[in-house]
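S.K.: Dropping a structure here in structure tokens format, bear with me for questions.
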There are 2 protein chains.
Amino acid sequence: MTRDEDQLHLAPGSRVGIVAGGGNLPIEVAHSLSARGHRPFVLLVEGEADPNSPLGGFDHLVLPIESFGSLVASLKKNGVTHAVLAGEIKRRPRWSAVRPNAGLLAMLPAFLAGLASGDDSLLKTVIRYIERRGVKVVGAHEIVPELLAMRGVMTDAAPTDSDRKDLNAALVAAHAIGALDIGQGAVAIGGRVIALEGIEGTDGLLERVKDLRDHGRLAARRRGVLVKCAKPDQEERADLPSIGPQTVDGAYAAGLAGIGVEAGRSLVLEGPAMIARANTLGLFIVGLPSAGASDGQ
Amino acid sequence: MTRDEDQLHLAPGSRVGIVAGGGNLPIEVAHSLSARGHRPFVLLVEGEADPNSPLGGFDHLVLPIESFGSLVASLKKNGVTHAVLAGEIKRRPRWSAVRPNAGLLAMLPAFLAGLASGDDSLLKTVIRYIERRGVKVVGAHEIVPELLAMRGVMTDAAPTDSDRKDLNAALVAAHAIGALDIGQGAVAIGGRVIALEGIEGTDGLLERVKDLRDHGRLAARRRGVLVKCAKPDQEERADLPSIGPQTVDGAYAAGLAGIGVEAGRSLVLEGPAMIARANTLGLFIVGLPSAGASDGQ
């Protein structure tokens, strides 16, 4: 993927709706649209996106996750033609608080089936549901192509030969667990994968590595890498793996030497701030060739 | 594997040496040999095996892990013809404390190569090294066949249909990370794998699941399973996956409904105590058909 040919052309009369979870991604999308003269509509998922963040400055509405049955109606009422699902949604609905309506009842069987078979299937279900009702779903990187990780070293520090071995080992493992829709990240130290991401997410994974190091299970010397890559069957319009300044801080605290992400299929959040942070801490960040089917490179 | 045909026949004049790490396994092996009229020799790895445990009652010697270069010499001096490597060895040698000798120098290149490519390769290297010097290495289950997990339900409680889905999902995942020599265990809840074992081990994995549940990332209702299975290319004479009463306690604390282990390729430590504990807590333990190459059953 190259950046320029990826950018979405928005015809006159179209409007982008951002279904906003936590983190900086929805903010970057909203700012980018605004800078290009568009006027996005933002649906803030309650408890995940902060109405006091810059998102509150845009035309917006707060939506409890339990009201997801009225999601499409809200978007359409506000003239939305294209929806972006951006930002983390950690909480699952409290089913006792879900108020049934027509939209929800139509969605529910597919939603429940998706829920049972993993996050990625769930997202695909939600996207299919939205598109069937006439709103096109696009990826955040189609609005802001600069978000996509480029191939190669992004930082002052570069991976050594030994770091390259760690990057390869972690990439193979991240790819394998991605194929099972389990997680997107792996940590390798000394050529060997020592921790895999599950439901706890990347921050939790890095905290665990930090704990292992603090408790002497790992050598104290700074080395090892985090690699994130997309699942082979990833729904690229939502939930691409992402890294940001917080990931750099977590990797530093875990004693790692750097971070690898799959180029073209990962998002870099707050890119300039993230790279500055990595340079200050002496970590490398590198965009790796896409993992492809099986060769781990 | 069936049990009876597996039991090792020890010819007169042969003596079993137990290289003992932590946990109950070396004790079970020593007791079993003793009950059959043999007189094992025990090498207690310092800081891992406890000299005040029943192992101290056998003919024994304490060996600092840094003195692994004299391992075979110690075994031979004590008439050992067959060695069993039993019990967990968590600590890695402090290289500054390693005193070079001829045995060590001969072993070192292979040892370092093994160390770089994962625990399983390391074990294979150590075993090859010992056997080349004339001591046969046998598995703990060849001495005590009752240690091998049998197929089927071992407890009062049995897995439900929904537990069976969790068992399948976790088995596939455990098998996949085993193929990468990363770990032997996976936890699935609601049909979905949520945590994978890395270097932290099974107890650490279960603690993590407990934390996720405590922090509300997982539903409070008791369900989900732990599955342990051997790596496809497992060195079966050492490091077969094992469960024991501690695993049952950990699974209970993590809110799981039960445990699955690969029958014939996993060890059950303190079997009667473990099953009694699971029955008290209402957990199931089930021996699963061997994972085989790829079908997850």
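The values are calculated or read from the model by the stated rules, or taken from the named source; none is laboratory data. Bear in mind that the values here come from a model prediction, so they are computed numbers and not experimental data. FYI the Cβ positions are ideal-geometry reconstructions off the backbone, even for glycines, and counts take in every protein chain you see. All accessible areas refer to the heavy atoms of the entire protein, side chains included, with ligands and DNA or RNA removed. Shrake-Rupley method; radii C 1.70, N 1.55, O 1.52, S 1.80 Å.
S.K.: Condition (residue is surrounded by 14 or more Cβ atoms within 10 Å (Cβ to Cβ) and without any contact (Cβ under 8 Å) to a residue 24 or more places away in the chain) applied to the range B:10-21: is it met by at least one residue?
M.R.: no
S.K.: Looking at (1) open to solvent by 10 Å² or more (accessible area, probe 1.4 Å); (2) closer than 22 Å to A:P272 by Cβ, which is the only condition A:L61 fails?
M.R.: (2)
S.K.: Any idea which of A:D233, A:D211, A:D203 is open to solvent by 10 Å² or more (accessible area, probe 1.4 Å), modelled with pLDDT under 95 and more than 14 Å from chain B (Cβ to nearest Cβ)?
M.R.: Within the list A:D233, A:D211, A:D203, the selection yields A:D233.
S.K.: Hey, A:I243 hits all of (1) of a type in the set (V, I, T); (2) touching a residue at least 40 places away in the same chain (Cβ under 8 Å); (3) within 13 Å of another protein chain (Cβ to nearest Cβ) but one; which does it fall short on?
M.R.: Exception for A:I243: condition (3).
S.K.: Assuming B:A291 fulfils every condition listed in (1) modelled with pLDDT of 90 or more; (2) open to solvent by less than 20 Å² (accessible area, probe 1.4 Å); (3) outside any strand (DSSP E or B) apart from one, which condition is it?
M.R.: (1)
Listed here are the residues, each with its yes/no results for (1) part of a helix (DSSP H, G or I); (2) farther than 18 Å from B:V144 by Cβ; (3) touching a strand residue (DSSP E or B) at 6+ places or on another chain (Cβ under 8 Å).
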| residue | (1), (2), (3) |
| --- | --- |
| B:L8 | no, no, yes |
| B:P12 | no, yes, no |
| B:L44 | no, yes, yes |
| B:L55 | yes, no, yes |
| B:F68 | yes, yes, no |
| B:L71 | yes, yes, yes |
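S.K.: From B:L283, B:L240, which residue is of a type in the set (A, V, I, L, M) and modelled with pLDDT of 95 or more?
M.R.: B:L283
S.K.: Looking at B:R99, B:R39, can you tell me which residue is charged (D, E, K, R), surrounded by fewer than 16 Cβ atoms within 10 Å (Cβ to Cβ) and modelled with pLDDT under 90?
M.R.: B:R99
S.K.: Within the range A:238-249, which residues are of a type outside the set (S, T, Y), assigned to a helix (DSSP H, G or I) and surrounded by 24 or more Cβ atoms within 10 Å (Cβ to Cβ)?
M.R.: A:V248
S.K.: Now a separate question. Of the residues that make up the range B:250-266, is at least one among the aromatic types (F, W, Y) and open to solvent by 40 Å² or more (accessible area, probe 1.4 Å)?
M.R.: yes
S.K.: What number of residues within the range A:169-200 satisfy the criterion of being more than 9 Å from chain B (Cβ to nearest Cβ) and more than 23 Å from A:L240 (Cβ to Cβ)?
M.R.: Selection size over the range A:169-200: 0.
S.K.: Consider only pairs whose beta carbons are under 8 Å apart and that are at least six residues apart or on different chains; among these, list those whose first residue lies in the range B:157-181 and is over 30 Å from A:A170 (Cβ atoms) and whose second residue is among the basic types (K, R).
M.R.: B:S162/B:R223; B:D163/B:R223
S.K.: Let me ask you something else. For the range A:198-205, check the following and say yes or no: at least one residue is among the β-branched types (V, I, T) and either under 12 Å from A:L256 (Cα atoms) or in the same structural domain as A:E88 (by TED's automatic domain parsing) (or both).
M.R.: No - not one qualifying residue is present in the range A:198-205.
S.K.: What's the total number of residues in the range A:132-185 that are of a type in the set (S, T, N, Q) and surrounded by fewer than 21 Cβ atoms within 10 Å (Cβ to Cβ)?
M.R.: 3
S.K.: Something else about it: Any idea which residue in the range A:66-75 is modelled with the highest pLDDT, counting only those that are surrounded by fewer than 19 Cβ atoms within 10 Å (Cβ to Cβ) and not polar (S, T, N, Q)?
M.R.: A:A73
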